[in-house]
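The next block holds one structure in the form of structure tokens; read it before the comments.
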Amino acid sequence: MIKSKICELLGIDYPVFQGGMAWIADGKLAAAVSNGGGLGIIAAGNAPGSYVRQQIQIVRGLTTKPLGVNIMLMSPFADEVAQVVTEEAVDVVTTGAGNPSKYMAQWTAAGIKVIPVVASVAMAKLMTRLGATALIAEGGESGGHVGELTTMVLVPQVRDATTLPVIAAGGIADGRGMAAAFMLGACGVQMGTRFLSAEECTTIHPTYKEKILNATDLCTMVTGKRLGHPVRSLRTPFARTYAKAEFSGMSDEELEALGTGALRKAVQEGDLEHGSFLAGQVAAMVKQEQPAAQIIRDVVEEAEQVLRGAEKWVN
Ligand code: TUI
């Protein structure tokens, strides 16, 4: 069975994190992942502190295993949520879509393990200096907010820039991806899209799940570059309309308004015309609904087989 230093550091059985997907990763999903031996992560997204506190309490009613909270740093409630995770003393905080420097001292003083998502070497070095426990290197194959670099080139460069454990994210949905991530220098993986098909992922509309299970290789696209927030989603009627609008004469304000609330409309209403169905490039590799614990076991067992078989390439 694959174990790595991140398992010891966090007290988890398998080096598998569940991505903090805004509007989707609630206490129920996070608890199922943590009970399955991975690291379950509640997504704060754009929600207020009271929602995050409530979801933390739900997890505490379902498991005593380690729990993470992801803070989306562009959220208007980021300061409030940063305080809630400190008060609740969650085991791990992951951050995304920005620079968490101003919170690092507060969290580390509270004994929280801070694992920021980094999309560049510069950010990896800064987070290392500021006392992060580990880093998540997320490539642009991922769903949602994306950086410039792919996982293939980001992970080894982050690995070379830090002495901290590196978790690879973006483009990983099975044991082959996990094995490859280890070869690039990671000691763990984070998966988001694969967990959309978890039985315990009950926040998403049936249409969202169905779109993931029926996705094909070219089913995702990136929009939002014009406003500086590129986001990968399924190629739905909304995504196409938004992409066209980016190249039309539409003002930045109108464009912003077009995107407002789109994630909620996808997750809660399954609205293909107005909703943004965030998903990674691996969507086509997600083939069946399974309990979260089974997803973790399948991926880790396949990775182990792949890694054991790797010697065949060396004569
Ligand atoms: O955060 C994510 N993925 C997300 S967040 C999200 S919600 C959202 N809603 C509207 C617009 C944008 C996002 C949906 N998906 N992934 C982690 C991630 N973080 N990927 C890339 C980064 C990142 C980017 C820049 C981390 C740090 C960073 O630093 C920039 C700086 O401030 O120097």
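Amide H to amide H under 5 Å from VAL69: which residues, 5+ apart in sequence or cross-chain, H placed 1.01 Å off N in plane?
Distant-sequence amide H within range of VAL69: ILE42, VAL92, VAL93, THR94.
Stretched out fully, how many nm does the piece from ARG308 to GLU80 gain, at 0.36 nm a residue minus the Cα gap?
Here the segment from ARG308 to GLU80 would lengthen by 77.5 nm.
Can you pull the one-decimal nm distance between simple spin-label points at LEU213 and LYS102, each 7 Å off the Cα toward Cβ?
Taking the simple label geometry, LEU213 and LYS102 are separated by 4.4 nm.
For the chain, which whole-number percentage of the solvent-accessible area (1.4 Å probe, protein heavy atoms only) is attributable to carbon and sulfur atoms?
Percent of accessible area from carbon and sulfur atoms in the chain: 53.
Over 18 Å between Cα atoms, which of LYS211/LYS287; LYS65/LYS125; LYS65/LYS102; LYS28/LYS65; LYS3/LYS312; LYS209/LYS265 qualify?
From LYS211/LYS287; LYS65/LYS125; LYS65/LYS102; LYS28/LYS65; LYS3/LYS312; LYS209/LYS265, over 18 Å: LYS65/LYS125; LYS65/LYS102; LYS3/LYS312.
Of the residues LEU130, LEU67, LEU227, which exhibits the maximal mean-square fluctuation in a Gaussian network model of the chain defined by a 10 Å Cα contact cut-off?
LEU227
Charges at C-beta only: +1 for Lys and Arg, -1 for Asp and Glu. How large is the resulting dipole of the chain about its Cα centre, in Debye rounded to 20?
440
What residues have an amide H closer than 5 Å to that of VAL118, excluding those fewer than 5 places away on the same chain, when H is modeled at 1.01 Å from N in the peptide plane?
The answer is ILE136, ALA137, GLU138.
What FRET efficiency would be calculated for the residue pair GLN54, GLU87, taking the C-beta separation as r and a Förster radius of 22 Å, to the nearest 0.05?
0.95
Calculate the length of the line joining the C-alpha centroid of the stretch 23-67 to that of the stretch 68-132, in whole Å.
If you average the Cα positions of each part, the centres end up 16 Å apart.
Tell me what the chain gives for mean residue ellipticity at 222 nm when only DSSP H runs of n ≥ 4 count, each as -39,500 (n - 2.57), the sum divided by the residue total, rounded to 500 deg cm²/dmol.
That calculation yields -12000 deg cm²/dmol at 222 nm.
Rounded, prolate or oblate, given the Cα gyration tensor of the stretch 220-278, with a/c below 1.5 counting as rounded?
Taking the square roots of the gyration eigenvalues as a ≥ b ≥ c, the stretch 220-278 is prolate.
Would you mind getting the accessible area per residue of the stretch 126-197, heavy atoms of the protein chains only, 1.4 Å probe, in Å²?
Spelled out: the 1.4 Å probe surface of the stretch 126-197, per residue, equals 33 Å².
What are the ³J(HN,Hα) values, in whole Hz, obtained from phi via the Karplus relation 6.51 cos²θ - 1.76 cosθ + 1.60 with θ = phi - 60°, for each residue of the stretch 2-18 in sequence order, with x given for Gly and Pro?
7, 10, 8, 4, 5, 5, 5, 4, 9, x, 10, 7, 10, x, 10, 9, 9
Full-extension gain between ASP160 and ARG240, please, as 0.36 nm times their residue separation minus the C-alpha to C-alpha distance.
The ASP160-ARG240 span can extend by a further 25.0 nm.
Leaving out ligands and nucleic acids, and using a 1.4 Å probe, what accessible area per residue does the stretch 220-278 come to in Å²?
Per-residue value: 52 Å².
On a 1.4 Å probe surface of the protein chains, which of MET191, MET1 comes out largest in accessible area, and what is the full order?
MET1, MET191
Compute the signed sum of charges (Lys and Arg +1, Asp and Glu -1) over the other residues within less than 14 Å, Cβ to Cβ, of ALA137.
-2
Report for the chain the percent antiparallel among DSSP-assigned beta bridges with both residues inside it, nearest 5.
Antiparallel bridges make up about 20 percent of those DSSP assigns within the chain.
Residue farthest toward the positive end of the dipole of the stretch 170-315, with Cβ of Lys/Arg at +1 and Asp/Glu at -1: which of PHE195, PHE247, SER276?
PHE247
Rounded, prolate or oblate: which fits the chain when a ≥ b ≥ c are the square roots of the eigenvalues of the alpha-carbon gyration tensor, with rounded for a/c under 1.5 and prolate only if a/b beats b/c?
Verdict is rounded for the chain.
Name all residues of the stretch 182-209 having a backbone nitrogen under 17 Å from the label point set 7 Å from the Cα of MET1 along its Cα→Cβ direction, giving them as ranges.
188-189
First check a/c for the stretch 263-315, with a ≥ b ≥ c the square roots of the eigenvalues of its C-alpha gyration tensor; if it is under 1.5, answer rounded, and if not, answer prolate when a/b is larger than b/c or oblate otherwise.
prolate
Largest first, what is the accessible-area ranking of ASP79, ASP271 with a 1.4 Å probe?
Ranking ASP79, ASP271 by accessible area, largest first, yields ASP79, ASP271.
Residues of the stretch 183-208 with amide nitrogen under 18 Å from the 7 Å Cα-to-Cβ point of GLU289?
193-208
The values are calculated or read from the model by the stated rules, or taken from the named source; none is laboratory data. Worth saying up front: this structure is predicted, and the values here are computed from it rather than measured. All Cβ positions, glycine included, derive from the backbone under ideal geometry; neighbour counts span all protein chains shown. Surface areas here come from the heavy atoms of the whole protein model, side chains and all, with no ligands, DNA or RNA. Shrake-Rupley method; radii C 1.70, N 1.55, O 1.52, S 1.80 Å.
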